[in-house]
Amino acid sequence: MGKKVFIDLTHPFSAEIPRWPYFDKPVIDSKHTMAKGGVLTQYIGCTMHTGTHCDAPRHVMEVEFDGKRARYTHEMPVDAYTGDAVCLEINVDRWGLIMPEHLEDACKRADIRPEELEGMVVCLNTGMHRQFDDSKEYYHYSCGTGIDAGKWFVEHKVKCVAMDMQALDHPLHTAMGNNGMTRMNLLGASGKPITEEYKEQFGEEAYAEFDKEEYIRIHGQEAYDEKFGELEAIGCWGTWEPCHKMLLGHGIVGVENLGGDLDKVSGKRFRFNCFPIRWYMGDGSMARCVAEIDEDDLNDVPDRTYLYGGTGCMNR
């Protein structure tokens, strides 16, 4: 057995960090400088859901499934995002919806039974962290989870889910598609809305998973209620970030934009350390995520190198 080492699973933060499509750019300024005052003191202003960060229940819902008001960051246990962990390597196609069969296949390859996940932190390595950039590829065309994966995590009583994607949900379950008051239905690479691109590529029935009205039109109200009714019963729009709400509404917290040297611990078990700011009435918080693991268990892969602004995910 080798010594314990710490592996950073966090994207580096800067004013140029890639951010969710309608988030503000971080402002970083100097209040004091070495040349003038002999000290360096910096000011940072940004959305707390920038880069690698934690979500609290209040971020996406007013009421949890127990009927009580959704909790803020300061109301979650101090170790809510920390614990024994496993990194599941997910095999899914570009823009694919991660289903229970993908999760169970990943468990098999990681040599862990789904029933062993109770109380653990589950990290997902889909490969999207390698695409982290201000790009349509990372945000519009990411794979992602939905209500079926959310129910699977709840069924197996995991403690926290940390994903290497833009959100705890597939892009089309978010406001990038046709969900929520802030819905944008962004234009894709073809110049058409991404909802139309998805229909053309996968068909209307596949797209209906992400759109309440389309799901009811194709499958009927009864089928919609069977699939999304648990969310609707507590006042949530069923197809709008359903994995977020299934997790957070059951007290299972989430981490988005996991990154860093995630490939070094893919398929491995380790200790996951992640602590949000102790923010009173916070909806989420940027955080440092670190794996503590035996050095002999590390995958032999190169250290991650970061370049932003269109230089990080492809060669010029």
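Here r is the Cβ-Cβ distance between ASN185 and GLU226 and R0 is 22 Å; the resulting FRET efficiency, rounded to 0.05, is 0.25. As a rough guide to protection, the peptides 179-187, 295-303 ranked by mean Cβ packing within 10 Å, highest first, stand as 179-187, 295-303.
Residues of the stretch 109-132 falling in the label zone of LYS157, defined by backbone nitrogen less than 15 Å from a point 7 Å along Cα to beta-carbon, are 114-121.
How large is Rg/Rh for the stretch 161-253, to two decimals, with Cα atoms and a Kirkwood Rh? On the Cα set of the stretch 161-253, Rg over Rh gives 0.98. The shape of the chain can be summarised by an equivalent ellipsoid whose semi-axes, obtained from the alpha carbon gyration tensor, come to 30, 24, 21 Å from longest to shortest. Fewest neighbouring Cβ atoms within 10 Å first, the residues TRP279, TRP95 line up as TRP279, TRP95.
Based on the Cβ-Cβ distance of GLU16 and GLU292, what FRET efficiency does E = 1/(1 + (r/R0)^6) give at R0 = 35 Å, to the nearest 0.05?
Once the sixth-power term is evaluated, E becomes 0.75.
Note on the stretch 197-316: Rg/Rh from C-alpha atoms, Kirkwood Rh, equals 1.08. One chain, two ends: SER135 and LYS25. Fully extended at 0.36 nm per residue, the span grows by 38.1 nm beyond their Cα-Cα distance. Max-minus-min Cα coordinates of the stretch 1-143 on each principal axis give 59, 41, 38 Å, with the largest extent listed first.
Report Rg(Cα)/(2.2 N^0.38 Å) for the stretch 113-230, keeping two decimals. Write down the numbers at each step before the final one.
Values: Rg = 15.5 Å, N = 118, 2.2 N^0.38 = 13.5 Å.
Ratio of Rg to 2.2 N^0.38 Å for the stretch 113-230: 1.15.
Peptides 226-237, 82-93 ranked from most to least packed, by the mean per-residue count of other Cβ atoms within 10 Å: 82-93, 226-237.
Can you sort SER190, SER135, SER285 so the residue with the fewest Cβ neighbours within 10 Å comes first?
Numbers: SER190 10, SER135 16, SER285 20.
Exposure proxy ranking, most exposed first: SER190, SER135, SER285.
Each peptide in 19-27, 161-169, 114-122 was scored by the mean count of other Cβ atoms within 10 Å over its residues; highest first, the order is 161-169, 114-122, 19-27.
The residues neighbouring CYS274, those whose beta-carbon lies less than 14 Å from its own, together hold a net charge of -3 under the Lys/Arg +1, Asp/Glu -1 convention. What lysines sit close enough to LYS212 to cross-link, taking a C-alpha to C-alpha distance under 21 Å and skipping anything fewer than 8 places away on the same chain? Cross-link targets: LYS151, LYS192, LYS199, LYS227, LYS245.
The numbers here are math on the coordinates, done by the rules we state, and not lab data. This structure is a prediction, so every number in the text was calculated from the model and none was measured. Heads up, the Cβs are rebuilt from the backbone with ideal geometry, glycines too, and the neighbour counts pull from every protein chain shown.
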